[in-house]
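The values are calculated or read from the model by the stated rules, or taken from the named source; none is laboratory data. Values in this document were obtained by computation on a predicted structure and should not be read as measured data. FYI the Cβ positions are ideal-geometry reconstructions off the backbone, even for glycines, and counts take in every protein chain you see. Each accessible area value is taken on the protein alone, full model and side chains, heavy atoms only, with ligands, DNA and RNA left out. Shrake-Rupley method; radii C 1.70, N 1.55, O 1.52, S 1.80 Å.
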Amino acid sequence: MEHVRHICKASTNDLPRIMELIECGRQKMRAMGNVEQWTNGYPRQDVVMHDIENGDSYLVIEDGVAIATFAFVEGPDITYRKIFGGKWIDDTTPYHVIHRAASAPDVHGVMKEILDWCSQHTANIRIDTHRENTIMQSVLSKYGFRYCGIIYLLDGDERLAYQRVF
């Protein structure tokens, strides 16, 4: 039986489930050896609530159950102002950023669905990931994202920055 998935905006009622999904994402990263990303309680509940309040938080729903979450935020993103060791493919066209993507255990292929959905809403997407998050790097390369260089988060942590323009 084929499962039907769709994407919808999250509401404040979804906050507990989003936090569960983020914890699942953190556990997946740890299992793959990525112990440096999403530390010290990040992403915190207040960050996710801000995404919800701004209309930037989304859920992937399968058979009535939220199986993944992500934030899809209209740029500019302050941490993307400066890029080191490279350059953005397009630094003039408005862009959106995907942040805080996470899914339930044993969920596969959801990042492709997120990327496909986001691509229907903008032709210019940026995303960053930790150097140790090799799975995300592989997915991004597979779906046409180009590595552009290094950005630094507000807390000074380094991230690998990617962009896709079509």
What are the pairs with Cβ atoms under 7 angstrom where one residue, in the range 111-135, is touching a residue at least 60 places away in the same chain (Cβ under 8 Å) and the other, located anywhere, is surrounded by fewer than 19 Cβ atoms within 10 Å (Cβ to Cβ) and assigned to a loop (DSSP other than H, G, I, E, B)? Sequence gap at least six, or different chains.
His130/Glu36; His130/Gln37; Glu132/Gly33; Glu132/Glu36; Glu132/Gln37; Asn133/Gln37; Ile135/Met32
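Quick check on this structure: which one of Asp46, Asp51 is free of Cβ contacts under 8 Å to residues at least 24 places away in the same chain, under 26 Å from Leu154 (Cα atoms) and outside any strand (DSSP E or B)?
Answer to the check: Asp46.
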Quick check on this structure: which one of Leu59, Leu115 is in contact with a strand residue (DSSP E or B) (Cβ under 9 Å, 6 or more places away or on another chain), assigned to a helix (DSSP H, G or I) and under 30 Å from Val4 (Cα atoms)?
Leu115
Restricting to the range 98-112, what's the tally of residues that are assigned to a helix (DSSP H, G or I) and buried (at least 17 other Cβ atoms within 10 Å of the Cβ)?
2
Scan the range 121-147 for residues that are open to solvent by less than 20 Å² (accessible area, probe 1.4 Å), part of a strand (DSSP E or B) and closer than 19 Å to Lys28 by Cβ and jot them down.
Ile127, Thr129
Could you list all residues from the range 12-52 that are at pLDDT 95 or above and open to solvent by 50 Å² or more (accessible area, probe 1.4 Å)?
Thr12, Asn13, Pro16, Arg17, Glu20, Glu23, Gln45, Asp46, His50
What tally of residues in the range 148-158 results from selecting those that are of a type in the set (Gly, Ala, Ser) and not in a strand (DSSP E or B)?
1
Going through the range 2-11 in order, the residues found to be touching a residue at least 12 places away in the same chain (Cβ under 8 Å), in a loop (DSSP other than H, G, I, E, B) and open to solvent by 80 Å² or more (accessible area, probe 1.4 Å) are His3, Val4
Filtered residue count, the range 65-97, keeping only those that are part of a strand (DSSP E or B) and surrounded by 15 or more Cβ atoms within 10 Å (Cβ to Cβ)
10
Odd one out for Ala161, checked against (1) open to solvent by less than 80 Å² (accessible area, probe 1.4 Å); (2) outside any strand (DSSP E or B)
(2)
